[in-house]
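Each remark here refers to the structure printed beneath this line.
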Amino acid sequence: MDGYADGRGLLVTAANGAAVALLEEAVLAILADAPDAANWIGVALIADPGLVLALALQGFQLRLRAHPEMEVALNLALARGGLALRGGTARGRALVEALAAWHEEGAAKRAAATLEACAAEELRDALSAALAGVIRCGLGVARARDSASCRGVRLLPDAA
């Protein structure tokens, strides 16, 4: 596996540059609160089925959508496997660690803190900060959907 830089210059371990470009579209969609973020995650995984950051994002997406526990556990296992095989980046490990804390232990506050620490370590990491905000929004830290803490909630489907 090779290392590629994303749009903010952060290292991403991936099979190819195309997967990183598609992951970048997913990140931009999440940060813009765009409705197509989940689609971009899926397309990035088609380009590289072992892309750890995309697998972790998909795990967060499934967790936020309250999909059956099996699906989240599967994505978590896949992300961990990808880290083991590829080595992974510190950001990838932090995303998987946060997902594990939230999913396996129900520790949403610890998950958010892990993501916030990752974002504080690398100030260009807006994705980790946005995911932490989504988790904190779910905890009731942010009351309004349009609050800065609730950015990225498009990972959830719109209410019907």
Residue that is farthest from Ala117 (Cα to Cα), among those in segment 36-90 that are basic (Lys, Arg) and in a helix (DSSP H, G or I): Arg86
Hey, Arg86 surrounded by fewer than 20 Cβ atoms within 10 Å (Cβ to Cβ) and among the charged types (D, E, K, R) or not: yes
Test for Glu105: is it under 22 Å from Arg136 (Cβ atoms) and acidic (Asp, Glu): yes
Cβ pairs under 8 Å, 6+ apart, first in segment 112-132 and among the acidic types (Asp, Glu), second surrounded by fewer than 24 Cβ atoms within 10 Å (Cβ to Cβ) and not in a helix (DSSP H, G or I): Glu122/Leu10; Asp125/Arg8; Asp125/Leu10
Selected residue (criterion: surrounded by the fewest Cβ atoms within 10 Å (Cβ to Cβ)) from residues of segment 1-49 that are in contact (Cβ under 8 Å) with a residue 60 or more places away in the chain and in contact with a Phe, Trp or Tyr (Cβ under 6 Å, 6 or more places away or on another chain): Ala29
The one condition in (1) charged (D, E, K, R); (2) more than 20 Å from Leu99 (Cα to Cα); (3) more than 14 Å from the chain's Cα centre (by Cα) that Arg86 fails to fulfil: (2)
Sole residue being within 11 Å of the chain's Cα centre (by Cα) and modelled with pLDDT of 90 or more, chosen from Ala47, Ala29, Ala21, Ala54: Ala54
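The values are calculated or read from the model by the stated rules, or taken from the named source; none is laboratory data. Given the structure is predicted, the values throughout are model-derived calculations rather than measurements. Reconstructed Cβ throughout: ideal geometry from the backbone, glycine too, with neighbour counts over all protein chains shown.
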